[in-house]
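Some notes on the structure that comes next.
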Amino acid sequence: MTEPTEDRPLKRTIPPDLQTQVEDIQIKIPRTAGPPDDLDDRRKRWLIVGICLHTIISPVLRTYVVPVVTKLCYSLTSWNKIHKQTYGSFLKRYSTTNTELNYEAINNNKTLYGRHRARYDYRVKSAVDLSRLFLQTHMAHFTAFDDSCDSSALLGIIVNIVRFPPIVQADAGKVI
């Protein structure tokens, strides 16, 4: 049979010369305090504004944006055949506002092909894809009109698509 063994913690001693070096380093390099734990009033206000924008205004904007973008997608699919586009024949600009469309932002084009535009997949498969065409690539990482579509993307869509009322576009432009 085995005899019960007693748990003994390992004892390690630091060699005196190493201990001296550690103490010298501690003396030479002063400890710096990090930022204070409390936020100042200005930062607290901006934090509250951001939370409100994300939790209250963004859901309302999503319900407002979806039908407008969906109708535009249907219209462009009917008239411009955006669902069948190729490198040789794709809609380069949104004619109403003369906005250049960003095909780098859809179909994983930037990741797969980088700057090789001839290899891009130019087919617009959904209203979400269409909305991404109006945004800068770094803003177009949402997958649906849900929580992944943040307030800056929603406001960018409103500002760049002329089908929204001018007063709404102007207000969205002020926020951006």
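Values quoted throughout were computed directly from the atomic coordinates according to the rules given, and no laboratory measurement underlies them. Since this is a predicted model, take the numbers as computed values, not measurements. Heads up, the Cβs are rebuilt from the backbone with ideal geometry, glycines too, and the neighbour counts pull from every protein chain shown.
Quick notes on this structure:
- Once the Cβ-Cβ distance of Asn98 and Ile57 is raised to the sixth power relative to R0 = 22 Å, the FRET efficiency obtained is 0.15.
- Residues of segment 133-165 with amide N under 12 Å of the 7 Å Cα→Cβ point at Ser75: 161-165
- CD proxy at 222 nm, helix term only [per DSSP H run n ≥ 4: -39500 (n - 2.57); per residue of the chain; nearest 500]: -14000 deg cm²/dmol
- The alpha-carbon of Lys84 sits under 16 angstrom from the alpha-carbons of these lysines, leaving out residues fewer than 8 places away in its chain: Lys92, Lys125.
- Over the chain, relative contact order from alpha-carbon pairs under 8 Å, at least 6 apart, %: 19
- What you get for segment 48-175, charging only the Cβ of Lys and Arg (+1) and of Asp and Glu (-1), is a dipole of about 580 debye around the Cα centre.
- Calculated FRET value between Asp40 and Ile14, using beta carbons and R₀ = 45 Å, to 0.05: 0.55
- Modelled FRET efficiency - R0 45 Å, Arg163 with Arg119, Cβ distances, 0.05 increments: 0.90
- The slack between His141 and Thr86, meaning 0.36 nm per residue of separation minus the straight C-alpha distance, is 17.6 nm.
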